[in-house]
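The values are calculated or read from the model by the stated rules, or taken from the named source; none is laboratory data. Just so you know, these numbers come straight off a predicted model, no measurement behind them. Glycine also receives a Cβ, built like all others from the backbone with ideal geometry; neighbour counts cover every protein chain displayed. Surface areas here come from the heavy atoms of the whole protein model, side chains and all, with no ligands, DNA or RNA. Shrake-Rupley method; radii C 1.70, N 1.55, O 1.52, S 1.80 Å.
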Amino acid sequence: MTDSVLEKNAVVRGLCPHDCPDTCALLTTVENGRAVKVNGNPDHKHTQGVLCTKVSRYTERTYSPERLMHPLKRSGPKGSGQFVQVTWDEAIQDIAARLKLIAAQNPEAVLPYSYAGTMGWVQGEAMASRFFHKMGASQLDRTICASAGSEGLVYTLGGKFGMKTEFFAESKLIVIWGSNSITSNIHFWRLAQDAKRNGAKLICIDPRQSETAEKCHVHLPIKPGTDAALAFAIMRELVVNNWLDHDYIEKYTVGWEALRERAMTWTLERAAEVCGIDAELIRSLAKDWGTTPQAAIRLNYGMQRVKGGANAVRAVACLPALTGAWRNRAGGMLLSNSSCFKVNKQDLHRPDLLGARRPRMINMTTIGNDLNHPGSPEWGPQVKALLVYNSNPVAIAPHSSKVVQGFAREDLFTVVMEHFQTDTADYADYILPATTQLEHWDVQGSYGHTDLLLNRPAIVPVGQAKSNSEIFRLLAKAMGYTEPCFSESDTSLCRTAVGTEVNFQTLLDVGFVSMPVPDAPFAEGGFATPSGRCEFVSDRLASQGLDPLPDHIPNYEMPSAGHRYPLAMISPPARNFLNSSFVNVESLREIEKEPLVEICFEDASARGIATGDTVKVFNDRGEYHCKADVTTRARPGVVHGLGIWWRKMGLNGTNVNEVTSQLLTDLGRAPVFYDCQVEVALLKKA
């Protein structure tokens, strides 16, 4: 199949590629070859014609005057942002020549760095994976967002499975756990509102009094990193009051006696002290969970960004099985449903191109340390070349002073594929202009619903932009890679990705296909674990010498009397940004105005801080400057560094990740962004 010719005037079906569970279906209106508006597709039941503020302004992003239009070559010091325009041929040939020299010595000195700037299967890791597999480059452990929670699900439910999101509308109790759904999951929030109008009770568990918490019946403002303690206290109340489905437990779970023994140590009083909330709130939540039919949990990834994040997810994931909530399609839990999609990775990524080679794996979370590693026989060669796409690591990776130090190395050859000159692009040797979602083919599943969607290009690429896949095709050709797979078109890659189980013609005709997923996936067990049951006890963990039961694992960084850094900091996204995407969209930045730290009245008063004052947030890793917002959204002892602003837009050229660490979670090798102690000090009165 060849890539189709674009129409000058049309309404083109597509999908939103950003790191969001909603994965909306788009309709782009094109007039005279120019996209004039982007709407939600009303025919897609999960989108219903509605888009978030960010994506509804996608044309502003696509046609931004700051959009990269041509390949650029560095002409000044790294980080200076000084570049000159070059041709595509010059850029590709020089990049290939540099990569050949490095790979000839050791291909593992070359490292890709990418994540979910697009979550599309084609513009993400299709042609790119083939390229790096052929080279034998180091592989990237893509852990920056969700791998701790994912591991927690795998060891408990057997994979990233859960409720079908549409059935939350029928639930009678919805526990929104670690999620600000109004800002990050708006289509779920509409379902929760439907349920609320039909009598459902909504409970929010979040350290921050978020926009979502304000709209729920009850808010439990627990301390960061105490979610497992709360889950165990709920379990104990279920036991004490016999709010258990003994039949479900016996038939469809394994390890209940051991889990019960651990849960019984978590009295209401103990959990209340650890979580920093009133014991009666926990008692009431447990009663609601244990006595309400059609009870459901919407879990999100914020709560797993601490040392014990995976164990916390494991503990929460046990709760629906204890009460038999999975029996009803409006009961259970959802963190992710991405395991419902069977991506044809063998043919899409072509790991066979590695042959017998098994390159090392480098964790994207520790990129600050890894770029500064000199190399060793045990660790492998020093990283000499870095190709960045679909990510902005200088802004989003933890302990960013270390990341900047690594990117500033003059002997590190860096190529960045981007829409805009981000913080990371400022450190590139070459910047290659990439297409946006309106300009290329792609196909993608969702982690928030169970539909597969196709993206058609609506317009020709702006300027000289090229898709990620096309850039890697050009690089492969320049490297002398002659395998036919490096000539496969994007539409063919879309077909390859979905395999033979999906009717691709339906995707072309309609734009989306629903996966054949049961309405109540675990009503009669059928978990994807080795035992086929919900595994309270995991033999797989035990075989690794790890605790087979979930547990509460305290944070790495804990406040204590007289501690230099007495405030716990979490860094949720600002409402109108998505990680570091959309930060440079002027209309959205005008809404957010400037980097903020939210702090409660008690903590602000003790430091002489008022709303609008300029403050520094700091610890031993570094400091960043921002404006203070003294607010009831923050609980005592916890501050919120709203992110993720580009460093260059920060008040002192830094952002919130100046103070986060490169420590990793209990499972999944993930970052601990919300396991971070800081101090806040006044710099300048408003």
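Before moving on, here are some points about what is shown:
- For segment 203-253, residues that are aromatic (Phe, Trp, Tyr) and under 27 Å from VAL306 (Cα atoms) total 1.
- Filtering SER538, SER492 for residues that are of a type in the set (Gly, Ala, Ser), crowded, with 18+ Cβ neighbours inside 10 Å and in contact (Cβ under 8 Å) with a residue 60 or more places away in the chain leaves a single hit, SER538.
- Of the residues examined, GLY225 is not one that is surrounded by fewer than 23 Cβ atoms within 10 Å (Cβ to Cβ), in contact with a helix residue (DSSP H, G or I) (Cβ under 9 Å, 6 or more places away or on another chain) and either at pLDDT below 95 or on the phi > 0 side of the Ramachandran plot (or both).
- The listed residue being out of contact with any strand residue (DSSP E or B) (no Cβ under 6 Å at 6 or more places or on another chain), part of a loop (DSSP other than H, G, I, E, B), open to solvent by less than 10 Å² (accessible area, probe 1.4 Å) and not acidic (Asp, Glu), out of GLY159, GLY199, GLY149, GLY117: GLY159
- Any hit, segment 126-135, residues being hydroxyl-bearing (Ser, Thr, Tyr), in contact with a strand residue (DSSP E or B) (Cβ under 9 Å, 6 or more places away or on another chain) and either surrounded by 24 or more Cβ atoms within 10 Å (Cβ to Cβ) or free of Cβ contacts under 8 Å to residues at least 40 places away in the same chain (or both): no
- Strands (runs of 3 or more DSSP E) wholly inside segment 363-470 containing at least 2 residues that are under 27 Å from PRO71 (Cα atoms): 385-389, 413-418, 430-433, 442-444
- Within segment 632-654, the residues that satisfy the criterion of being of a type outside the set (A, V, I, L, M) and open to solvent by less than 20 Å² (accessible area, probe 1.4 Å) are HIS640, GLY641, GLY643, TRP645, TRP646, GLY650, THR654.
- Qualifying residue in segment 655-677 (condition: without any contact (Cβ under 8 Å) to a residue 12 or more places away in the chain and either open to solvent by 10 Å² or more (accessible area, probe 1.4 Å) or not aliphatic (A, V, I, L, M) (or both)): no
- Every residue from segment 228-250 that is in a loop (DSSP other than H, G, I, E, B) and closer than 18 Å to LEU173 by Cα: TRP243, LEU244, ASP245
- Qualifying residue in segment 39-48 (condition: over 30 Å from LEU335 (Cα atoms), in contact with a helix residue (DSSP H, G or I) (Cβ under 8 Å, 6 or more places away or on another chain), open to solvent by less than 70 Å² (accessible area, probe 1.4 Å) and modelled with pLDDT of 95 or more): no
- Residue check, PRO65 surrounded by 19 or more Cβ atoms within 10 Å (Cβ to Cβ) and either more than 23 Å from ALA116 (Cβ to Cβ) or modelled with pLDDT under 95 (or both): no
- When SER401, SER336 are checked against the criterion of being touching a residue at least 60 places away in the same chain (Cβ under 8 Å), surrounded by fewer than 19 Cβ atoms within 10 Å (Cβ to Cβ) and in contact with a Lys or Arg (Cβ under 9 Å, 6 or more places away or on another chain), SER401 stands alone in meeting it.
- In segment 437-483, the residue that is nearest to ASN41 (Cα to Cα) out of those that are over 27 Å from the mean Cα position of the chain (by Cα), open to solvent by 10 Å² or more (accessible area, probe 1.4 Å) and of a type in the set (Gly, Ala, Ser) is GLY463.
- Residues satisfying the stated conditions in segment 93-114, i.e. farther than 16 Å from VAL388 by Cβ and either in contact with a strand residue (DSSP E or B) (Cβ under 6 Å, 6 or more places away or on another chain) or among the aliphatic types (A, V, I, L, M) (or both): ALA96, ALA97, LEU101, ALA103, ALA104, GLU108
- Against the criterion of being on the phi < 0 side of the Ramachandran plot, at pLDDT 95 or above, touching a helix residue (DSSP H, G or I) at 6+ places or on another chain (Cβ under 6 Å) and of a type outside the set (Phe, Trp, Tyr), ARG456 does not qualify.
- Neighbours by Cβ (under 6 Å, 6+ apart or cross-chain): first from segment 588-599, of a type in the set (Asp, Glu) and modelled with pLDDT under 95; second buried (at least 16 other Cβ atoms within 10 Å of the Cβ) and assigned to a strand (DSSP E or B): GLU594/LYS627
- Of the residues making up segment 497-513, those that are at negative phi and under 25 Å from the mean Cα position of the chain (by Cα) number 4.
- Residues located in segment 202-222, provided they are open to solvent by 40 Å² or more (accessible area, probe 1.4 Å) and hydroxyl-bearing (Ser, Thr, Tyr): none
- Here the strands (runs of 3 or more DSSP E) wholly within segment 1-106 that include at least 2 residues being farther than 30 Å from GLY480 by Cβ are 10-15, 25-31, 34-40.
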